[in-house]
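No value in this document is a laboratory result; all are computed from the given coordinates. Quick caveat: nothing in here was measured; it's all calculated off a predicted structure. Every residue, glycine among them, receives a Cβ derived from its backbone with ideal geometry; neighbour counts consider all protein chains shown.
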Amino acid sequence: MVKILSMALMIFLQIYWYKFRKKPEKDWEMLWVKIGKNFRETLFELEGLLIKIGQLLSIRADLLPQGFISQIQDLTDNVPPSDWEEIQNILEGEWEEPIEHYFNYIDQKAVASASIGEVYKGVLKNGKEVAIKVQRPNIQSIINTDFRTLGIIIWFADHFIPLPKGFINLKVLFKELKQVIEREVDFSLEKNTLLFFKERFKNEASMVIPDVYSDISTSRVLVMEWVDGIRLTDESGLDQLEVSREELAHKLIELFLPQWLEPGTFHADPHTGNVLVSKEGKIILFDFGMTAEISQRDASEFQGLIESLLSKNYARAVECLMNLGFLLPEADPRTMERLLAELMSFKPQQLKEMDIMALKLEMNDLIQALPIQVPTRFVFLGRSVVTMEGILRGLATEKELAEILKPVFLDWLQKQGNNKWSFLWYWLQSQPLFKIIHSFTEFFKLPQKLEDIKENEQRRHFQFTIYENYKKQMFQLAAAGLGGVAFGIYTEHQLILQLSAGITILSSLGHVIFGYKLKKWLKYMHEKRR
């Protein structure tokens, strides 16, 4: 707790110092890189659960500064294994039987060791090889300590720290971290998810999900079938397979596309350690500790969004984005429709003819001004898609992936009952004949509308900054008043003591008032700044 709180205090002091000196944006970016490096070093020093927290923070690029994210985005959850005696005590305590009652043999050397669980290889009495996932000793105590410490930091930061580069809802972030980790600690939930996936993909000949031994699995121990596989980053191993890399990419898209588009549970952490390939070319899926769900309504809207983009029906696409919650209520549908059309018509070869840096800066300003948000419930879906995209890019070129994706998606559409006639109807709706009622003047109003959006956002930001500065000044005045009280007590000077006490009380009251106004004003702010 002392190490974590000391790290947090140093971060707070650095932020205050940069705020006080009114450092430019470039210096802020360098500061967040430095903070990210120190954060990363502390995580590796303390190991355990904090690395898992760092991994979860790394997927919130929509809330946290990029300089900070860049330092923690490749954290590996790999910590030294526990002593075998401690693991043995957990196993026998959960089974209420000696290990020999169920197993002929368990290798005492861990196959893998992460922050929450460790994996050991064993042989059952019937000769079957299994993987035994065991909860780390004292992990619940560690979790309670770490979250208690984080709770202190979040409370202090939420009340006293003026965070730059966006205004983060730290309470929501803390709640999200806690929910995910608490789910991952309960191996009974992971077992149920594994069984759900096994039932869902039971007819998929190209996919392997290990069997689970429910009779000897508990909330702290998960016993699964042992399955050998090759990593998708193992070039020499992939060369020995009978299937090509393009075929593997095709299988992965076939398996993960339904997870992302259909209602139900999806695998939220498909990295190269959790997705292997067998010697027969089958995809092996492991580790169902980190999953999330898509509702029936969201799945339907996502399907409509993709169909609309493929058919260039941008009015319908904007409607889907609104229903999904990606657009704020004040977003003008016609403006967003035109912007989406421009974005989809952009060709990569045009980059050669542009000033890339100027384009990037202009796009950053535009995105910040637009009423766009990323709903929290889609963060893990984004993680799953981006992680799988990285694997696919290692297997096939961008052109090959596009050629693979389209037929897989159309085939999926047919299975869902969306035949070619419905697809044709989406296409017809996007044509000029069906848009004749739209006024041409709306297109010419686009630049002015963008300027209005920018100006509106700048006004809100300005008012928010005023309240933030007042709150900070009240805090500094209260701190100075407390110093004066201490000095008055030390010198026994009653006038200084009384004046300092009065200043402390009034400035504390002012801090509370402006803090209340600041929170009240948040509802008018862009989601990214909340």
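Below, the figures for the structure above:
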read-out: For N104, distant residues with modelled amide H under 5 Å away; value: V123, L124, K125
read-out: Inter-label distance, nm, simple model (7 Å from Cα along the C-beta direction), T233/Y16; value: 4.1 nm
read-out: Gained length - I99 relative to A112, 0.36 nm times residue gap less alpha-carbon distance; value: 2.7 nm
read-out: Too-long pairs where the Cα-Cα distance tops 32 Å, listed order kept, from K191/K415; K279/K399; K19/K178; K121/K251; K191/K312; K23/K519; value: K191/K312
read-out: Sequence-separation-based contact order of segment 68-159, relative, with Cα cut under 8 Å and 6+ spacing, percent; value: 22 percent
read-out: Interchain or long-range residues, amide H under 5 Å from M207's placed H; value: I283
read-out: FRET E, pair Q73, Q296, Förster distance 35 Å, beta-carbon r, rounded to 0.05; value: 0.60
